[in-house]
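The values are calculated or read from the model by the stated rules, or taken from the named source; none is laboratory data. Quick caveat, the model's predicted, so the values are computed rather than measured. Glycine also receives a Cβ, built like all others from the backbone with ideal geometry; neighbour counts cover every protein chain displayed. Just so you know, the surface numbers come from the protein's heavy atoms only, side chains and all, with ligands and any DNA or RNA stripped out. Shrake-Rupley method; radii C 1.70, N 1.55, O 1.52, S 1.80 Å.
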Amino acid sequence: MNRELLDVPFLLLSAARALVDGIDAGVRARGFTDLRPAHGYAFARLSGSGATVVQLAEHLDVTKQAASQMVDELVRKGYVERRPHPDDARAKLITLTARGVACTRAAEEAATEVLEPWAARLGPQRLAALRADLTGLATPGRLRPTW
């Protein structure tokens, strides 16, 4: 059994957990104390042009009902709003409010605070190599939480 190879998943997941925990702590420190890390995965999909509940459910790998419940919660808290969909009169487009955008910026600042020490430890060349390697391994598109 190749122990070094089998350590890789644990190390990747451990680093991801440290990143998520650091972002969560940074977001809370910036005053957004009513959110969970799972909301950040939703914000990642909603930032920009928004998404329908169906698209959000697919992104989060949850049922439409679960995504709809999350949207209801985020609407009540003032982070997102439902708008008429520009291309489908039956659908609603879920978009970030100003509060949602502010929270997203807080998460980006917190992520930078977590990642800068990692970058300093690795140095520019090793960081570039790690980024290139992870880019080759990662599946583009979705960021799904581990439920």
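Some observations on this one:
- Relative contact order (%) - criterion: Cα under 8 Å, at least six apart; region: the chain: 28
- To the nearest ten degrees, helix 64-76 and the longest principal axis of the Cα atoms of the chain are 80 degrees apart.
- If you plug the beta carbon distance of residue 65 and residue 44 into 1/(1 + (r/R0)^6) with R0 = 30 Å, you get a FRET efficiency near 0.90.
- P(r), alpha carbons of region 61-100 - 5 Å bins starting at zero, rounded %: 6, 24, 25, 25, 17, 2
- Since only 101, 89, 125 are under comparison, the one whose Cα sits farthest along the positive direction of the charge dipole of region 77-147, derived from C-beta charges on Lys, Arg, Asp and Glu, is 89.
- Residue-count net charge about residue 75 - beta-carbon cut-off 12 Å; Lys, Arg +1, Asp, Glu -1: +3
- Taking all protein chains as they are arranged and a probe of 1.4 Å, the heavy atoms of residue 64 leave approximately 120 Å² accessible to solvent.
- Of the peptides 127-136, 27-36, 2-11, the order by per-residue mean of other Cβ atoms within 10 Å, starting with the highest, comes out as 27-36, 127-136, 2-11.
- 3J(HN,Hα) along region 82-96: 9, 10, x, 6, x, 10, 9, 4, 7, 9, 10, 9, 9, 10, 6 Hz, from the Karplus curve 6.51 cos²θ - 1.76 cosθ + 1.60 with θ = phi - 60°, whole Hz, x for Gly and Pro.
- Mean separation of Cα contacts under 8 Å, 6 or more apart, over the residue count of region 35-104: relative contact order %: 34
- Residue 115 paired with residue 131, simple spin-label distance in nm, labels 7 Å along Cα-to-beta-carbon: 0.8
- Across region 77-146, the convex hull enclosing all Cα atoms gives 165 Å³ per residue.
- Under 5 Å, built H, 5+ apart or other chain: amide partners of residue 97: 80, 81
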